[in-house]
Every structure is written in C-alpha cells, then in structure tokens.
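The values are calculated or read from the model by the stated rules, or taken from the named source; none is laboratory data. Just so you know, these numbers come straight off a predicted model, no measurement behind them. Neighbour counts run over all protein chains shown; Cβ positions are idealised from the backbone, glycine included. Side chains are part of the model used for accessible areas, which takes the heavy atoms of the whole protein and leaves out ligands, DNA and RNA. Shrake-Rupley method; radii C 1.70, N 1.55, O 1.52, S 1.80 Å.
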Amino acid sequence: GGSQAPERLHYGFRLATARDPNDHEMAVLTTQLSALLEHFKANTEAAKKLLAIGAIPRNESLDLAEHASYTMIGNLLLNLDETMTKE
C-alpha cells in the first residue's frame, strides 16, 4: 500500500470499496489513524491483546502501535456500510 500513511490509507480504502476516497474520507481516516496511534503507543498491553487474536502470530518486526492501529483501520474499512453485504 505504500510507505507513508496517506498511501496506505488510500490503498486500503480502494481495496475495500473499489473506489478512491474523497478528501473528507481521507481526512477522517487520517484523524482516526492518528488517534489510534496515540492510543496504542500509550497502551501497549491493549495493542498486544488485540494482535494476539487470530491464527497467525504477530509479525514481531512491525511496530506494535502501528500494527495495531492499521488493524483497527482495516476493521473500520470493512465495517463501512459501503463494504458490507446486506440482505
């Protein structure tokens, strides 16, 4: 998705929705990522607990707070009305 946050956010949004995000959507994602990074940097145990979920162990070479933050951004993107299939 890129080496910088804007590229990664844009890529994730595009993968989830099949369209480019508008300026407002990018601003929301950027603000949310900043808040998540701040939260997980201050709460490393919460980040570890989040990343302990799943069948594959956490990649220890990735920054803990950043990994947890992007995990939550992925959660946000996959839970948009636009990405959910409703019957």
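Does Met84 meet the test of being hydrophobic (A, V, I, L, M, F, W, C), in contact with a helix residue (DSSP H, G or I) (Cβ under 9 Å, 6 or more places away or on another chain) and more than 17 Å from Arg8 (Cβ to Cβ)? Outline the logic, then answer.
Numbers: hydrophobic (A, V, I, L, M, F, W, C): yes; in contact with a helix residue (DSSP H, G or I) (Cβ under 9 Å, 6 or more places away or on another chain): yes; more than 17 Å from Arg8 (Cβ to Cβ): yes.
When the stated conditions are applied, Met84 passes them.
Using the structure shown, decide if Ala65 is of a type in the set (Gly, Ala, Ser) and surrounded by 10 or more Cβ atoms within 10 Å (Cβ to Cβ).
Working: of a type in the set (Gly, Ala, Ser): yes; surrounded by 10 or more Cβ atoms within 10 Å (Cβ to Cβ): yes.
Against the criterion (of a type in the set (Gly, Ala, Ser) and surrounded by 10 or more Cβ atoms within 10 Å (Cβ to Cβ)), Ala65 qualifies.
Report every pair of residues separated by at least 6 positions or lying on different chains whose Cβ atoms are under 8 Å apart, first residue within segment 50-79 and within 16 Å of Gly1 (Cα to Cα), second of a type in the set (Lys, Arg).
If the second residue must be of a type in the set (Lys, Arg), the pairs left are His67/Arg58; Tyr70/Arg8.
Looking only at residues that are open to solvent by 70 Å² or more (accessible area, probe 1.4 Å), in a loop (DSSP other than H, G, I, E, B) and small (Gly, Ala, Ser) in segment 1-43, which one is nearest to Ser69 (Cα to Cα)?
Step by step, filter segment 1-43, then rank; the result is Ser3.
Quick test for you: out of Ala46, Ala65, Ala55, pick the one residue that is among the aliphatic types (A, V, I, L, M) and part of a loop (DSSP other than H, G, I, E, B).
Numbers: Ala46 fails: part of a loop (DSSP other than H, G, I, E, B); Ala65 fails: part of a loop (DSSP other than H, G, I, E, B).
Going through Ala46, Ala65, Ala55 in turn, the sole match is Ala55.
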